[in-house]
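Trainee: To start, I am sharing the structure in question, which I have written as structure tokens.
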Amino acid sequence: MSERVVVLGASPKPERYSNKAARMLIEYGHTVVPVNPYHRSVAGIHCQPDIASVAGPVDTVTVYMRGELLAPHMDALIGLSPRRVIFNPGSEDEGLARELRARGIVCEDACTLVLLRSKQF
């Protein structure tokens, strides 16, 4: 099943895990919405400058940024009403996850690349 996935902290650098995830998500047939205020595009897709700029429904948000950088954008993230948020290694933040869960959003500490490869995405 194809999902619309927001990649927070997406990078145009091929060696970065956020870039690898964006490319693999596309390879697996998902629609990717990269978000990063410092880049114009990631994996050939126009990059949104912030979470608030993402329009339309979102199935999953996969996070590649530290909790202290994400915290100021929590209202916008909650406003997206994603079904789930994946905190990739290094981005885990139990306080933010607790806040999201309280609003009915599924949260998991996992690696998007592993989830895709193991057919758990």
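The values are calculated or read from the model by the stated rules, or taken from the named source; none is laboratory data. The structure presented is a predicted model; accordingly, all values stated were derived computationally and were not measured. So basically every Cβ, Gly included, is an ideal-geometry build from the backbone, and we count neighbours across all protein chains shown. Each accessible area value is taken on the protein alone, full model and side chains, heavy atoms only, with ligands, DNA and RNA left out. Shrake-Rupley method; radii C 1.70, N 1.55, O 1.52, S 1.80 Å.
Trainee: Could you tell me which residue of segment 90-113 is most open to solvent (accessible area, probe 1.4 Å), considering only residues that are of a type outside the set (Ser, Thr, Tyr), over 12 Å from Gly67 (Cα atoms) and touching a Phe, Trp or Tyr at 6+ places or on another chain (Cβ under 9 Å)?
Mentor: Ranking the qualifying residues of segment 90-113, first place goes to Asp109.
Trainee: Moving on. Please go through segment 44-64 and pick out each residue that is over 15 Å from Ser81 (Cα atoms) and more than 14 Å from the chain's Cα centre (by Cα).
Mentor: Gly44, Ile45, His46 - these are the residues of segment 44-64 that are over 15 Å from Ser81 (Cα atoms) and more than 14 Å from the chain's Cα centre (by Cα).
Trainee: Glu68 is checked against (1) at pLDDT 95 or above; (2) part of a helix (DSSP H, G or I) and fails just one. What number does that condition carry?
Mentor: Checking Glu68 against (1) at pLDDT 95 or above; (2) part of a helix (DSSP H, G or I), the one that fails is (1).
Trainee: OK, next. One residue is enough: does segment 23-33 have a residue meeting the conditions of a type in the set (S, T, N, Q), open to solvent by 20 Å² or more (accessible area, probe 1.4 Å) and in contact (Cβ under 8 Å) with a residue 12 or more places away in the chain? Even if it seems obvious, please write down each step before you answer.
Mentor: Narrowing segment 23-33 to residues of a type in the set (S, T, N, Q): 31.
Add one more test, that the residue is open to solvent by 20 Å² or more (accessible area, probe 1.4 Å), and what stays is 31.
Now drop any that are not in contact (Cβ under 8 Å) with a residue 12 or more places away in the chain, which leaves 31.
So far as segment 23-33 goes, yes, one or more of its residues are of a type in the set (S, T, N, Q), open to solvent by 20 Å² or more (accessible area, probe 1.4 Å) and in contact (Cβ under 8 Å) with a residue 12 or more places away in the chain.
Trainee: Go through segment 25-43 and count every residue that is in a helix (DSSP H, G or I) and more than 13 Å from the chain's Cα centre (by Cα).
Mentor: 2
Yes/no matrix, rows are residues, columns are (1) closer than 22 Å to Leu115 by Cα; (2) of a type in the set (A, V, I, L, M, F, W, C); (3) modelled with pLDDT of 95 or more:
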residue: Asn36; (1), (2), (3): no, no, yes
residue: Gln48; (1), (2), (3): no, no, yes
residue: Ile51; (1), (2), (3): no, yes, yes
residue: Val54; (1), (2), (3): no, yes, yes
residue: Asp59; (1), (2), (3): yes, no, yes
residue: Glu92; (1), (2), (3): yes, no, yes
